[in-house]
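One structure is given here, and the rest of the page talks about it.
The values are calculated or read from the model by the stated rules, or taken from the named source; none is laboratory data. In this text, all values refer to a predicted model and were calculated from it rather than measured experimentally. Heads up, the Cβs are rebuilt from the backbone with ideal geometry, glycines too, and the neighbour counts pull from every protein chain shown. Heads up: the accessible areas ignore ligands, DNA and RNA and are worked out on the full protein's heavy atoms, side chains in. Shrake-Rupley method; radii C 1.70, N 1.55, O 1.52, S 1.80 Å.
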Amino acid sequence: MTTRYRVEYALKTHRRDQLIGKFVLEPTEWIKGLLAVPFVLYSQPQGVFEGQGIHSSPQTRDEAHRRYSEILRDVEIMIDDHITNQNNADNPFPSKLKLLVPSIGPFFTRLPLEAAFKFQDRKRYISSRRFVSPSFNDVRLILNSAQIMAVTTYGTLQLATFDGDVTLYDDGQSLEPTSPVIPRLLDLLRKNVKIGIVTAAGYTTADRYYARLHGLLDAMANSADLTPTQKQSLVVMGGEANYLFEFCSASPDLLSPVPIARWLTPEMAGWDERDIDQLLDVAEAALRDCIKSLNLPAAVMRKDRAVGIIPLNPDIRIPRESLEETVLVVQKILELSSAGRSRRVPFCAFNGGRDVFVDIGDKSWGVTVCQRWFSNSGGAGEGGSGDDGVTIRGENTLHVGDQFLSAGANDFRARSVGTTAWIASPAETVDLLDELAELMGKKMS
Ligand code: IMP
Ligand code: MG
(Lines give C-alpha, C1' and ligand atoms only; values in the text may rest on other atoms or scores of the structure.)
(Ligands and ions follow the chains in the order given, each with its own letter.)
Protein backbone atom coordinates (compact mmCIF):
# COMPACT_ATOMS: atom_id res chain seq x y z
CA MET A 1 0.00 0.00 0.00
CA THR A 2 1.44 3.37 -0.89
CA THR A 3 1.13 6.05 1.74
CA ARG A 4 -1.41 7.91 -0.38
CA TYR A 5 -3.48 4.79 -0.84
CA ARG A 6 -3.34 4.01 2.86
CA VAL A 7 -4.50 7.52 3.72
CA GLU A 8 -7.39 7.26 1.28
CA TYR A 9 -8.25 3.83 2.54
CA ALA A 10 -8.11 4.72 6.19
CA LEU A 11 -10.00 7.95 5.90
CA LYS A 12 -12.52 7.10 3.26
CA THR A 13 -12.94 3.48 2.29
CA HIS A 14 -13.98 2.16 5.66
CA ARG A 15 -16.69 4.80 5.72
CA ARG A 16 -18.02 4.01 2.31
CA ASP A 17 -18.95 0.41 2.56
CA GLN A 18 -22.42 -1.03 2.17
CA LEU A 19 -25.46 1.00 2.73
CA ILE A 20 -28.67 -0.38 3.99
CA GLY A 21 -31.97 1.40 4.29
CA LYS A 22 -30.63 4.78 3.27
CA PHE A 23 -27.59 6.60 2.00
CA VAL A 24 -24.44 7.31 3.93
CA LEU A 25 -21.19 8.76 2.68
CA GLU A 26 -20.54 7.83 -0.92
CA PRO A 27 -24.17 8.01 -2.01
CA THR A 28 -24.66 11.28 -0.13
CA GLU A 29 -21.63 12.73 -1.89
CA TRP A 30 -22.95 11.36 -5.17
CA ILE A 31 -26.27 13.19 -4.78
CA LYS A 32 -24.40 16.31 -3.69
CA GLY A 33 -22.38 16.05 -6.91
CA LEU A 34 -25.54 15.73 -9.01
CA LEU A 35 -27.01 18.85 -7.40
CA ALA A 36 -23.77 20.77 -7.93
CA VAL A 37 -24.31 20.73 -11.70
CA PRO A 38 -27.46 22.89 -11.80
CA PHE A 39 -25.99 25.01 -9.03
CA VAL A 40 -22.97 25.81 -11.19
CA LEU A 41 -24.99 26.27 -14.37
CA TYR A 42 -27.97 28.21 -13.03
CA SER A 43 -27.10 29.81 -9.72
CA GLN A 44 -26.37 33.24 -11.35
CA PRO A 45 -24.42 34.80 -8.47
CA GLN A 46 -24.05 38.04 -10.45
CA GLY A 47 -27.76 38.68 -9.74
CA VAL A 48 -26.72 39.74 -6.26
CA PHE A 49 -24.68 42.64 -7.73
CA GLU A 50 -27.24 43.64 -10.32
CA GLY A 51 -29.69 44.89 -7.77
CA GLN A 52 -31.81 41.77 -7.99
CA GLY A 53 -30.97 40.43 -4.54
CA ILE A 54 -31.63 36.84 -3.69
CA HIS A 55 -35.27 37.37 -2.83
CA SER A 56 -35.96 39.71 -5.73
CA SER A 57 -35.01 37.10 -8.32
CA PRO A 58 -37.66 34.44 -7.86
CA GLN A 59 -37.11 33.14 -11.40
CA THR A 60 -33.57 32.09 -10.52
CA ARG A 61 -34.75 30.47 -7.31
CA ASP A 62 -37.64 28.75 -9.08
CA GLU A 63 -35.37 27.47 -11.81
CA ALA A 64 -32.89 26.06 -9.27
CA HIS A 65 -35.79 24.54 -7.31
CA ARG A 66 -37.22 22.93 -10.43
CA ARG A 67 -33.89 21.44 -11.45
CA TYR A 68 -32.97 20.18 -7.97
CA SER A 69 -36.45 18.62 -7.72
CA GLU A 70 -36.06 16.90 -11.08
CA ILE A 71 -32.71 15.43 -10.11
CA LEU A 72 -34.05 14.10 -6.83
CA ARG A 73 -37.07 12.65 -8.63
CA ASP A 74 -34.69 10.87 -11.02
CA VAL A 75 -32.71 9.43 -8.10
CA GLU A 76 -36.00 8.40 -6.45
CA ILE A 77 -37.00 6.51 -9.61
CA MET A 78 -33.56 4.90 -9.73
CA ILE A 79 -34.02 3.70 -6.14
CA ASP A 80 -37.44 2.26 -7.04
CA ASP A 81 -35.79 0.35 -9.86
CA HIS A 82 -33.06 -0.81 -7.45
CA ILE A 83 -35.71 -2.04 -5.00
CA THR A 84 -37.46 -4.01 -7.75
CA ASN A 85 -34.11 -5.47 -8.64
CA GLN A 86 -33.18 -6.40 -5.04
CA ASN A 87 -36.54 -8.13 -4.58
CA ASN A 88 -36.07 -10.26 -7.68
CA ALA A 89 -33.87 -13.14 -6.60
CA ASP A 90 -33.70 -14.51 -10.16
CA ASN A 91 -32.10 -11.39 -11.61
CA PRO A 92 -28.31 -11.80 -11.56
CA PHE A 93 -27.66 -8.27 -12.90
CA PRO A 94 -26.97 -5.21 -10.77
CA SER A 95 -29.35 -2.25 -10.91
CA LYS A 96 -28.35 0.99 -12.62
CA LEU A 97 -27.96 2.56 -9.18
CA LYS A 98 -25.66 -0.27 -8.09
CA LEU A 99 -23.51 0.33 -11.16
CA LEU A 100 -23.34 4.06 -10.51
CA VAL A 101 -22.88 3.80 -6.73
CA PRO A 102 -21.30 0.41 -6.00
CA SER A 103 -21.56 0.82 -2.22
CA ILE A 104 -25.34 1.07 -2.33
CA GLY A 105 -27.07 -1.66 -0.35
CA PRO A 106 -30.62 -2.95 -0.04
CA PHE A 107 -33.45 -0.61 0.96
CA PHE A 108 -36.19 -1.24 3.51
CA THR A 109 -38.47 1.38 1.97
CA ARG A 110 -38.61 3.51 -1.13
CA LEU A 111 -37.48 7.10 -0.53
CA PRO A 112 -39.70 10.03 -1.62
CA LEU A 113 -36.72 12.28 -2.30
CA GLU A 114 -38.52 14.91 -4.37
CA ALA A 115 -41.11 15.57 -1.66
CA ALA A 116 -38.39 15.52 1.00
CA PHE A 117 -36.37 18.06 -0.99
CA LYS A 118 -39.39 20.37 -1.28
CA PHE A 119 -39.92 20.12 2.46
CA GLN A 120 -36.28 20.89 3.30
CA ASP A 121 -36.10 23.65 0.68
CA ARG A 122 -38.97 25.44 2.46
CA LYS A 123 -36.97 25.22 5.70
CA ARG A 124 -33.43 25.79 4.48
CA TYR A 125 -33.85 27.96 1.35
CA ILE A 126 -31.46 25.74 -0.57
CA SER A 127 -32.68 27.01 -3.97
CA SER A 128 -32.29 30.63 -2.90
CA ARG A 129 -28.58 30.30 -2.31
CA ARG A 130 -26.33 31.81 -4.95
CA PHE A 131 -22.89 31.16 -3.46
CA VAL A 132 -23.25 28.02 -1.36
CA SER A 133 -24.16 24.89 -3.26
CA PRO A 134 -26.36 22.11 -1.82
CA SER A 135 -24.17 20.73 0.95
CA PHE A 136 -23.56 17.38 2.55
CA ASN A 137 -25.77 18.46 5.46
CA ASP A 138 -28.56 19.53 3.08
CA VAL A 139 -28.49 16.09 1.47
CA ARG A 140 -28.28 14.32 4.85
CA LEU A 141 -31.38 16.18 6.04
CA ILE A 142 -33.25 15.54 2.77
CA LEU A 143 -32.51 11.83 3.18
CA ASN A 144 -33.72 11.91 6.80
CA SER A 145 -36.97 13.59 5.74
CA ALA A 146 -37.44 11.10 2.92
CA GLN A 147 -36.88 8.23 5.33
CA ILE A 148 -39.37 9.39 7.92
CA MET A 149 -41.91 10.23 5.20
CA ALA A 150 -41.48 6.68 3.93
CA VAL A 151 -41.67 4.99 7.29
CA THR A 152 -44.90 6.80 8.17
CA THR A 153 -46.54 6.90 4.73
CA TYR A 154 -45.94 3.48 3.18
CA GLY A 155 -46.25 1.62 6.48
CA THR A 156 -46.53 2.32 10.18
CA LEU A 157 -43.78 3.24 12.54
CA GLN A 158 -43.87 0.64 15.29
CA LEU A 159 -40.47 1.02 16.91
CA ALA A 160 -38.23 4.07 17.28
CA THR A 161 -34.78 3.46 18.72
CA PHE A 162 -32.51 6.25 19.86
CA ASP A 163 -28.84 6.53 20.53
CA GLY A 164 -27.98 8.42 23.77
CA ASP A 165 -24.96 10.74 23.61
CA VAL A 166 -25.32 13.52 21.02
CA THR A 167 -28.75 12.20 19.97
CA LEU A 168 -30.86 12.62 23.12
CA TYR A 169 -28.42 14.76 25.14
CA ASP A 170 -25.06 16.44 24.63
CA ASP A 171 -21.99 14.21 24.70
CA GLY A 172 -21.38 12.90 28.22
CA GLN A 173 -24.44 14.71 29.63
CA SER A 174 -27.84 13.42 30.81
CA LEU A 175 -31.46 13.76 29.79
CA GLU A 176 -32.48 16.61 32.11
CA PRO A 177 -36.16 17.32 32.91
CA THR A 178 -36.11 20.50 30.82
CA SER A 179 -34.98 18.73 27.63
CA PRO A 180 -37.34 19.45 24.72
CA VAL A 181 -36.80 15.85 23.56
CA ILE A 182 -38.85 14.52 26.52
CA PRO A 183 -42.36 15.69 25.56
CA ARG A 184 -41.73 14.44 22.02
CA LEU A 185 -40.75 10.97 23.24
CA LEU A 186 -43.84 10.88 25.47
CA ASP A 187 -45.87 11.82 22.41
CA LEU A 188 -44.48 8.80 20.54
CA LEU A 189 -45.43 6.53 23.44
CA ARG A 190 -48.93 8.04 23.45
CA LYS A 191 -49.18 7.11 19.78
CA ASN A 192 -48.31 3.52 20.75
CA VAL A 193 -44.86 3.60 19.18
CA LYS A 194 -42.40 1.47 21.13
CA ILE A 195 -39.15 3.14 22.16
CA GLY A 196 -35.73 1.60 22.63
CA ILE A 197 -32.82 3.67 23.88
CA VAL A 198 -29.95 1.80 22.30
CA THR A 199 -26.79 3.25 23.72
CA ALA A 200 -23.21 2.08 23.80
CA ALA A 201 -22.99 3.28 27.41
CA GLY A 202 -22.60 0.00 29.22
CA TYR A 203 -23.67 -0.21 32.87
CA THR A 204 -24.74 -3.30 34.72
CA THR A 205 -27.11 -1.54 37.14
CA ALA A 206 -30.30 0.48 36.69
CA ASP A 207 -29.16 3.41 38.86
CA ARG A 208 -26.50 4.36 36.31
CA TYR A 209 -29.07 4.53 33.50
CA TYR A 210 -31.46 6.41 35.78
CA ALA A 211 -28.67 8.98 36.27
CA ARG A 212 -28.39 9.46 32.48
CA LEU A 213 -32.11 9.30 31.64
CA HIS A 214 -33.84 10.60 34.79
CA GLY A 215 -35.66 13.47 33.04
CA LEU A 216 -37.48 11.08 30.73
CA LEU A 217 -38.06 8.33 33.30
CA ASP A 218 -39.47 10.75 35.90
CA ALA A 219 -41.72 12.34 33.27
CA MET A 220 -43.05 8.90 32.34
CA ALA A 221 -43.62 7.95 35.97
CA ASN A 222 -45.48 11.21 36.63
CA SER A 223 -47.50 11.14 33.43
CA ALA A 224 -51.21 10.81 34.13
CA ASP A 225 -52.27 10.06 30.57
CA LEU A 226 -49.85 7.30 29.54
CA THR A 227 -51.50 3.91 29.95
CA PRO A 228 -49.63 1.12 31.77
CA THR A 229 -49.01 -0.56 28.40
CA GLN A 230 -47.57 2.65 26.95
CA LYS A 231 -45.30 3.00 29.97
CA GLN A 232 -44.15 -0.56 29.39
CA SER A 233 -43.25 0.39 25.85
CA LEU A 234 -39.84 1.79 26.69
CA VAL A 235 -36.70 -0.24 27.11
CA VAL A 236 -33.07 0.69 27.53
CA MET A 237 -30.58 -1.46 25.66
CA GLY A 238 -27.15 -0.68 27.09
CA GLY A 239 -23.61 -1.55 26.04
CA GLU A 240 -24.83 -1.77 22.40
CA ALA A 241 -26.58 -5.11 22.97
CA ASN A 242 -25.53 -6.30 26.40
CA TYR A 243 -27.93 -5.09 29.12
CA LEU A 244 -31.70 -4.78 28.81
CA PHE A 245 -33.85 -2.76 31.23
CA GLU A 246 -37.58 -2.14 31.07
CA PHE A 247 -39.50 0.76 32.52
CA CYS A 248 -40.85 -0.08 35.98
CA SER A 249 -42.81 2.49 38.03
CA ALA A 250 -42.32 0.45 41.19
CA SER A 251 -38.54 0.49 41.10
CA PRO A 252 -36.65 3.41 42.70
CA ASP A 253 -34.64 3.80 39.49
CA LEU A 254 -37.78 3.41 37.36
CA LEU A 255 -36.02 0.67 35.43
CA SER A 256 -35.72 -3.00 36.14
CA PRO A 257 -33.14 -5.32 34.61
CA VAL A 258 -34.58 -7.98 32.32
CA PRO A 259 -32.99 -11.39 32.91
CA ILE A 260 -30.81 -12.26 29.97
CA ALA A 261 -32.69 -15.51 29.27
CA ARG A 262 -35.79 -13.46 28.39
CA TRP A 263 -34.22 -11.41 25.63
CA LEU A 264 -31.06 -13.04 24.28
CA THR A 265 -31.47 -14.10 20.65
CA PRO A 266 -30.44 -17.67 19.77
CA GLU A 267 -27.44 -16.31 17.85
CA MET A 268 -26.32 -14.22 20.83
CA ALA A 269 -26.77 -17.18 23.14
CA GLY A 270 -24.06 -18.88 21.07
CA TRP A 271 -21.41 -16.30 21.96
CA ASP A 272 -18.89 -18.10 24.14
CA GLU A 273 -17.65 -16.34 27.29
CA ARG A 274 -14.09 -17.51 26.59
CA ASP A 275 -14.17 -15.96 23.11
CA ILE A 276 -15.52 -12.74 24.59
CA ASP A 277 -12.74 -12.55 27.18
CA GLN A 278 -10.11 -13.40 24.60
CA LEU A 279 -11.36 -10.69 22.25
CA LEU A 280 -11.41 -8.11 25.03
CA ASP A 281 -7.88 -9.13 26.11
CA VAL A 282 -6.59 -8.52 22.58
CA ALA A 283 -8.45 -5.20 22.41
CA GLU A 284 -7.11 -4.11 25.78
CA ALA A 285 -3.51 -4.89 24.79
CA ALA A 286 -3.99 -2.95 21.51
CA LEU A 287 -5.46 0.04 23.36
CA ARG A 288 -2.54 0.03 25.81
CA ASP A 289 -0.12 0.00 22.87
CA CYS A 290 -1.90 2.99 21.35
CA ILE A 291 -1.71 4.91 24.63
CA LYS A 292 2.04 4.32 24.58
CA SER A 293 2.77 4.94 20.91
CA LEU A 294 0.51 8.00 20.56
CA ASN A 295 1.32 9.26 24.07
CA LEU A 296 -2.39 9.54 24.83
CA PRO A 297 -3.45 11.22 28.10
CA ALA A 298 -5.83 8.33 28.65
CA ALA A 299 -6.59 5.44 30.99
CA VAL A 300 -7.91 2.01 30.10
CA MET A 301 -11.37 1.05 31.34
CA ARG A 302 -12.15 -2.65 31.26
CA LYS A 303 -15.68 -3.91 31.76
CA ASP A 304 -17.20 -7.37 31.45
CA ARG A 305 -18.52 -6.67 27.92
CA ALA A 306 -16.32 -3.77 26.78
CA VAL A 307 -12.93 -2.18 27.01
CA GLY A 308 -12.15 1.44 26.29
CA ILE A 309 -9.85 4.36 26.85
CA ILE A 310 -11.05 7.54 28.52
CA PRO A 311 -9.23 10.85 29.13
CA LEU A 312 -7.24 11.02 32.37
CA ASN A 313 -9.48 13.84 33.53
CA PRO A 314 -12.66 15.41 32.16
CA ASP A 315 -10.87 18.60 31.04
CA ILE A 316 -8.60 16.74 28.64
CA ARG A 317 -9.64 16.35 25.02
CA ILE A 318 -7.75 13.70 23.11
CA PRO A 319 -7.22 14.92 19.51
CA ARG A 320 -9.75 13.51 17.06
CA GLU A 321 -6.97 12.14 14.86
CA SER A 322 -5.54 10.15 17.79
CA LEU A 323 -8.98 8.72 18.58
CA GLU A 324 -9.55 7.76 14.95
CA GLU A 325 -6.06 6.22 14.68
CA THR A 326 -6.70 4.20 17.83
CA VAL A 327 -10.00 2.85 16.49
CA LEU A 328 -8.46 1.84 13.17
CA VAL A 329 -5.43 0.20 14.81
CA VAL A 330 -7.53 -1.74 17.32
CA GLN A 331 -10.02 -2.76 14.66
CA LYS A 332 -7.24 -4.09 12.43
CA ILE A 333 -5.52 -5.95 15.26
CA LEU A 334 -8.80 -7.52 16.32
CA GLU A 335 -9.69 -8.53 12.76
CA LEU A 336 -6.34 -10.26 12.40
CA SER A 337 -6.39 -11.92 15.83
CA SER A 338 -7.56 -15.50 16.16
CA ALA A 339 -10.53 -14.33 18.27
CA GLY A 340 -11.51 -11.81 15.61
CA ARG A 341 -10.79 -14.01 12.59
CA SER A 342 -13.09 -16.73 13.85
CA ARG A 343 -15.97 -14.18 13.76
CA ARG A 344 -17.65 -16.11 16.52
CA VAL A 345 -18.27 -12.95 18.50
CA PRO A 346 -19.12 -9.66 16.77
CA PHE A 347 -17.60 -6.49 18.17
CA CYS A 348 -17.76 -2.77 17.57
CA ALA A 349 -14.72 -0.50 17.99
CA PHE A 350 -15.66 3.16 17.72
CA ASN A 351 -14.62 6.73 18.37
CA GLY A 352 -17.06 8.13 20.92
CA GLY A 353 -15.93 11.73 20.43
CA ARG A 354 -13.90 11.92 23.64
CA ASP A 355 -13.07 8.24 24.09
CA VAL A 356 -12.65 4.96 22.24
CA PHE A 357 -14.54 1.80 23.14
CA VAL A 358 -14.60 -1.76 21.92
CA ASP A 359 -17.95 -3.35 22.74
CA ILE A 360 -19.12 -6.91 22.37
CA GLY A 361 -21.93 -6.93 19.80
CA ASP A 362 -23.13 -3.77 18.12
CA LYS A 363 -26.30 -1.73 17.63
CA SER A 364 -27.64 -4.02 14.93
CA TRP A 365 -27.97 -6.63 17.68
CA GLY A 366 -29.31 -4.06 20.12
CA VAL A 367 -32.05 -2.93 17.73
CA THR A 368 -32.83 -6.56 16.84
CA VAL A 369 -33.40 -7.34 20.52
CA CYS A 370 -35.87 -4.40 20.71
CA GLN A 371 -37.66 -5.62 17.55
CA ARG A 372 -38.08 -9.05 19.12
CA TRP A 373 -38.94 -7.76 22.59
CA PHE A 374 -41.81 -5.69 21.25
CA SER A 375 -42.99 -8.29 18.79
CA ASN A 376 -46.74 -8.63 18.52
CA SER A 377 -47.43 -11.10 21.27
CA GLY A 378 -44.33 -10.73 23.36
CA GLY A 379 -42.62 -7.83 25.06
CA ALA A 380 -44.41 -4.82 26.47
CA GLY A 381 -44.35 -6.38 29.88
CA GLU A 382 -45.86 -9.65 28.86
CA GLY A 383 -42.51 -11.22 29.09
CA GLY A 384 -42.04 -12.43 25.54
CA SER A 385 -38.74 -12.35 23.79
CA GLY A 386 -40.44 -12.35 20.45
CA ASP A 387 -40.32 -16.03 19.83
CA ASP A 388 -44.09 -16.37 19.69
CA GLY A 389 -44.93 -13.15 17.92
CA VAL A 390 -43.97 -11.50 14.70
CA THR A 391 -40.76 -9.55 15.13
CA ILE A 392 -41.06 -5.86 14.23
CA ARG A 393 -39.69 -5.49 10.74
CA GLY A 394 -36.96 -3.21 9.44
CA GLU A 395 -39.41 -1.06 7.48
CA ASN A 396 -41.41 -0.42 10.68
CA THR A 397 -38.28 0.50 12.67
CA LEU A 398 -36.42 3.80 12.75
CA HIS A 399 -33.07 4.18 14.50
CA VAL A 400 -31.94 7.75 15.19
CA GLY A 401 -28.26 8.32 15.88
CA ASP A 402 -25.26 10.57 15.32
CA GLN A 403 -22.52 8.06 14.56
CA PHE A 404 -22.57 7.26 10.86
CA LEU A 405 -19.22 8.60 9.78
CA SER A 406 -16.51 8.65 12.45
CA ALA A 407 -14.29 5.57 12.74
CA GLY A 408 -16.33 2.57 13.84
CA ALA A 409 -19.58 4.59 13.59
CA ASN A 410 -21.69 2.57 16.01
CA ASP A 411 -25.13 3.84 14.88
CA PHE A 412 -24.27 2.95 11.28
CA ARG A 413 -24.49 -0.73 12.26
CA ALA A 414 -28.23 -0.36 12.94
CA ARG A 415 -28.80 0.22 9.22
CA SER A 416 -28.63 -3.49 8.57
CA VAL A 417 -31.81 -4.13 10.59
CA GLY A 418 -33.96 -1.04 10.14
CA THR A 419 -34.33 2.38 8.60
CA THR A 420 -32.12 5.11 10.05
CA ALA A 421 -31.95 8.86 10.49
CA TRP A 422 -28.62 10.58 10.93
CA ILE A 423 -28.70 13.60 13.20
CA ALA A 424 -25.85 15.84 14.32
CA SER A 425 -27.18 17.21 17.64
CA PRO A 426 -30.04 16.82 20.13
CA ALA A 427 -31.61 19.93 18.53
CA GLU A 428 -31.77 18.07 15.21
CA THR A 429 -33.42 15.14 16.99
CA VAL A 430 -36.10 17.55 18.22
CA ASP A 431 -36.66 18.83 14.65
CA LEU A 432 -36.83 15.28 13.35
CA LEU A 433 -39.37 14.27 16.01
CA ASP A 434 -41.51 17.32 15.16
CA GLU A 435 -41.42 16.34 11.50
CA LEU A 436 -42.33 12.79 12.45
CA ALA A 437 -45.22 13.93 14.68
CA GLU A 438 -46.62 16.07 11.88
CA LEU A 439 -46.48 13.20 9.41
CA MET A 440 -48.03 10.77 11.87
CA GLY A 441 -50.73 13.32 12.72
CA LYS A 442 -51.53 13.82 9.03
CA LYS A 443 -51.76 10.10 8.50
CA MET A 444 -54.10 9.63 11.46
CA SER A 445 -56.36 12.44 10.31
P1 IMP B 1 -23.99 6.43 22.76
O2 IMP B 1 -23.71 7.65 21.95
O3 IMP B 1 -25.26 6.54 23.56
O4 IMP B 1 -23.92 5.16 21.98
O5 IMP B 1 -22.86 6.34 23.91
C6 IMP B 1 -21.49 6.25 23.59
C7 IMP B 1 -20.67 6.75 24.75
O8 IMP B 1 -20.99 6.04 25.93
C9 IMP B 1 -19.21 6.50 24.55
O10 IMP B 1 -18.60 7.49 23.78
C11 IMP B 1 -18.69 6.53 25.99
O12 IMP B 1 -18.40 7.86 26.37
C13 IMP B 1 -19.86 6.05 26.82
N14 IMP B 1 -19.67 4.70 27.39
C15 IMP B 1 -19.76 4.39 28.69
N16 IMP B 1 -19.60 3.07 28.87
C17 IMP B 1 -19.39 2.52 27.66
C18 IMP B 1 -19.17 1.18 27.24
O19 IMP B 1 -19.13 0.22 28.02
N20 IMP B 1 -19.01 1.00 25.90
C21 IMP B 1 -19.07 2.03 25.04
N22 IMP B 1 -19.29 3.29 25.40
C23 IMP B 1 -19.44 3.55 26.72
MG1 MG C 1 -24.04 8.94 20.10
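Assorted remarks:
- Cα gyration tensor shape of region 97-162, rounded if a/c is under 1.5, else prolate or oblate by comparing a/b with b/c: oblate
- A crude spin-label estimate for the pair LYS96 and SER425, with each label 7 Å from Cα along the Cβ direction, gives 3.9 nm.
- Rolling a 1.4 Å probe over the protein heavy atoms leaves TYR209 with an accessible area of roughly 0 Å².
- At R0 = 35 Å, FRET efficiency that the Cβ-Cβ distance of GLN173 and ALA269 yields, to 0.05: 0.50
- Ligands, DNA and RNA left out, the 1.4 Å accessible surface of the chain is 55% carbon and sulfur atoms.
- Our summary gives the chain a relative contact order of 17 percent, counting only alpha carbon pairs under 8 angstrom and 6 or more residues apart.
- List SER445, SER256, ordered by accessible area with a 1.4 Å probe, largest first: SER445, SER256
- Protection proxy ranking, highest mean first, for peptides 345-352, 181-188, 412-419: 412-419, 345-352, 181-188, where packing is the per-residue count of other beta-carbon atoms within 10 Å, averaged.
- Simple spin-label estimate for HIS214 and GLN59 in nanometres, 7 Å along Cα-Cβ: 6.3 nm
- Residue order for ASP138, ASP275 - accessible surface, 1.4 angstrom probe, largest first: ASP275, ASP138
- Rolling a 1.4 Å probe over the protein chains gives TRP30 an accessible area of about 50 Å².
- The mean sequence separation of alpha-carbon pairs under 8 Å and at least six residues apart, normalised by the residue count of region 105-253, gives a relative contact order of 20 percent.
- Rounded, prolate or oblate (a/c below 1.5 giving rounded, otherwise prolate when a/b exceeds b/c) for region 162-249 by Cα gyration tensor: prolate
- Distance between the 7 Å Cα→Cβ label points at VAL40 and VAL390: 4.9 nm.
- Taking the charge dipole of the chain about its Cα centre, with +1 at Lys and Arg Cβ atoms and -1 at Asp and Glu Cβ atoms, the residue from GLN371, MET268, PRO134 reaching farthest to the positive side is PRO134.
- Solvent accessible area, Å² - HIS82, 1.4 Å probe, full protein context: 10 Å²
- Where VAL258, VAL390 fall by accessible area, highest first, once all protein chains stay in place (1.4 Å): VAL390, VAL258
- Fully extended contour minus Cα-Cα distance, from ASP434 to ARG262, at 0.36 nm per residue: 58.5 nm
- Peptides 283-293, 311-321 ordered by average Cβ neighbours within 10 Å, highest first: 283-293, 311-321
- Segment ALA299-VAL48, length gained on full extension (0.36 nm per residue, minus Cα span): 84.9 nm
- Global geometry of region 36-165, whether rounded, prolate or oblate, following the gyration tensor of its Cα atoms and the 1.5 cut on a/c: prolate
- Extension gain, GLU321 to PHE131: 0.36 nm times the residue separation minus the Cα-Cα distance gives 65.3 nm.
- Net charge over other residues, Cβ less than 13 angstrom from the Cβ of ILE77 (K, R count +1; D, E count -1): -3
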